[in-house]
Amino acid sequence: MKKVLTVQDISCLGKCSLTVALPIISACGVETVILPTAVLSTHTAFSGFTFRDLTDDLTSILSHWKKENVSFDAIYTGYLGSKRQISIVADAFKQFKTDDNFILVDPAMADNGKLYKGFDENFANEMASLCSAADYIVPNLTEASYMLGIPYREEYDEKHIRDVLVSLTALGAKTAVITGVSFDKSHIGVYAYDSVKREYYMYFRDYLKESFHGTGDIFASALTGALTLKKPLMEALKIATDFTFNSIDLTIKNPNHDWYGVEFERAFPSLIEAINK
């Protein structure tokens, strides 16, 4: 059975990070091993949440796995809360990367032109360094701009996206995927560049007016599951984008939906069908 290690925090309530990655990758038929970086009572859009940092536990957990000769078919990282965590994860890449597995980094640190609270440009530089060791990176345009040290553009054309993708792969990642790309007000999707094949890929769906916390985690988790099962990049992008779209669409159609996340669980039948094609 395929096995993925995912490294990110646990927001106990809120449908993001590990509480998204674990069920989605498992639904793909892939064993999911977790390395939790912190435990939060809720995600950070709530007020008054509790937070427990698990950085001091990470190295001993990784050392135990190494002694047990544990191996992974993929390593997928999400939100990392400090430069020290980035350093530990970079070391984990060196320990567990093989010729037969891949690394996917979601540099979750910014959106809408701004870094998340507590992060600065030095953190973005450290994240760019981590991305250099990855096979796949999946930033949004804000994160990509910060890692490259270029101005963030609210308005852009296809040439700008292609230029950013090429620059991202120049950092070291083999394939870069920019999420949340939209060239008009009717469609939104992903744009990717495989630097080995020198090929671009894009896939768009209708623009849904409501936005929710955690949708980037949903996309990255489904993409990781599909790639672990050896789906070609274009097919994996389609599977992950469709699942994210379906999750948001089903949530919007439920007038009683919770505000803090999407009802991705209701979209599992479509994900499983797509994965098994």
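Might you let me know whether the range 229-246 holds any residue that is over 27 Å from GLY149 (Cβ atoms), aromatic (Phe, Trp, Tyr) and either over 15 Å from the mean Cα position of the chain (by Cα) or not in a loop (DSSP other than H, G, I, E, B) (or both)?
The answer is yes; a qualifying residue exists.
If the Cβ limit is 9 Å and pairs must be 6+ apart or interchain, which residue in the range 96-121 that is closer than 15 Å to GLY180 by Cα and without any contact (Cβ under 8 Å) to a residue 40 or more places away in the chain pairs with which residue that is aliphatic (A, V, I, L, M) and not in a helix (DSSP H, G or I)?
Going by the 9 Å Cβ cut-off, the qualifying pairs are MET109/LEU80; MET109/LEU115.
Go through the range 253-270 and count every residue that is under 18 Å from the mean Cα position of the chain (by Cα), assigned to a helix (DSSP H, G or I) and among the aliphatic types (A, V, I, L, M).
Summing the residues that are under 18 Å from the mean Cα position of the chain (by Cα), assigned to a helix (DSSP H, G or I) and among the aliphatic types (A, V, I, L, M) in the range 253-270 gives 0.
Output the residue which, of all residues in the range 252-275 that are of a type in the set (A, V, I, L, M) and buried (at least 17 other Cβ atoms within 10 Å of the Cβ), is farthest from THR224 (Cα to Cα).
Going through the qualifying residues, I end up with VAL262.
Of these, ALA38, ALA92, ALA45, which one is modelled with pLDDT under 95, more than 19 Å from ALA124 (Cβ to Cβ) and surrounded by 15 or more Cβ atoms within 10 Å (Cβ to Cβ)?
That would be ALA45, the only listed residue that is modelled with pLDDT under 95, more than 19 Å from ALA124 (Cβ to Cβ) and surrounded by 15 or more Cβ atoms within 10 Å (Cβ to Cβ).
Restricting to the range 1-28, count the residues that are touching a residue at least 40 places away in the same chain (Cβ under 8 Å) and surrounded by fewer than 24 Cβ atoms within 10 Å (Cβ to Cβ).
7
Would the range 57-74 turn up any residue that is among the β-branched types (Val, Ile, Thr), closer than 26 Å to THR142 by Cα and either free of Cβ contacts under 8 Å to residues at least 40 places away in the same chain or surrounded by 13 or more Cβ atoms within 10 Å (Cβ to Cβ) (or both)?
No, the range 57-74 contains no residue that is among the β-branched types (Val, Ile, Thr), closer than 26 Å to THR142 by Cα and either free of Cβ contacts under 8 Å to residues at least 40 places away in the same chain or surrounded by 13 or more Cβ atoms within 10 Å (Cβ to Cβ) (or both).
Check PHE243, PHE204 and return the single one that is modelled with pLDDT of 95 or more, touching a His at 6+ places or on another chain (Cβ under 6 Å) and aromatic (Phe, Trp, Tyr).
On inspection, the qualifying residue turns out to be PHE204.
Could you check, for the range 164-178, whether at least one of its residues is touching a Gly at 6+ places or on another chain (Cβ under 8 Å) and surrounded by 13 or more Cβ atoms within 10 Å (Cβ to Cβ)?
No, because not a single residue in the range 164-178 is touching a Gly at 6+ places or on another chain (Cβ under 8 Å) and surrounded by 13 or more Cβ atoms within 10 Å (Cβ to Cβ).
Would you be able to say whether some residue in the range 209-217 is assigned to a helix (DSSP H, G or I), among the acidic types (Asp, Glu), under 18 Å from the mean Cα position of the chain (by Cα) and closer than 16 Å to SER26 by Cβ?
The answer is yes, given that some residue of the range 209-217 is assigned to a helix (DSSP H, G or I), among the acidic types (Asp, Glu), under 18 Å from the mean Cα position of the chain (by Cα) and closer than 16 Å to SER26 by Cβ.
I need every pair where a residue in the range 254-273 that is free of Cβ contacts under 8 Å to residues at least 24 places away in the same chain has its Cβ under 6 Å from the Cβ of a residue that is assigned to a helix (DSSP H, G or I), sequence separation at least 6 or different chains.
Matching pairs, first to second residue: HIS257/THR251; GLU263/LEU250; GLU263/THR251; ARG266/LEU250.
Tell me, please, whether a residue that is closer than 13 Å to LEU229 by Cα and among the aliphatic types (A, V, I, L, M) can be found in the range 16-28.
The answer is yes; a qualifying residue exists.
On the basis of being surrounded by fewer than 19 Cβ atoms within 10 Å (Cβ to Cβ), more than 19 Å from ALA21 (Cα to Cα) and at pLDDT 95 or above, does ASN101 make the cut?
Answer is no for this residue.
Evaluate the range 237-251: report whether one residue or more is touching a residue at least 60 places away in the same chain (Cβ under 8 Å), of a type in the set (A, V, I, L, M, F, W, C) and either surrounded by fewer than 16 Cβ atoms within 10 Å (Cβ to Cβ) or out of contact with any Ser or Thr (no Cβ under 8 Å at 6 or more places or on another chain) (or both).
For the range 237-251, residues touching a residue at least 60 places away in the same chain (Cβ under 8 Å), of a type in the set (A, V, I, L, M, F, W, C) and either surrounded by fewer than 16 Cβ atoms within 10 Å (Cβ to Cβ) or out of contact with any Ser or Thr (no Cβ under 8 Å at 6 or more places or on another chain) (or both): present.
Considering only the range 179-202, state which residues are hydroxyl-bearing (Ser, Thr, Tyr) and crowded, with 21+ Cβ neighbours inside 10 Å.
THR179, TYR191, TYR193
The values are calculated or read from the model by the stated rules, or taken from the named source; none is laboratory data. What you are looking at is a predicted structure, and each value in this text was computed from that prediction instead of being measured. Cβ coordinates were reconstructed from backbone atoms using ideal geometry, including for glycine residues, and neighbour counts include every protein chain displayed.
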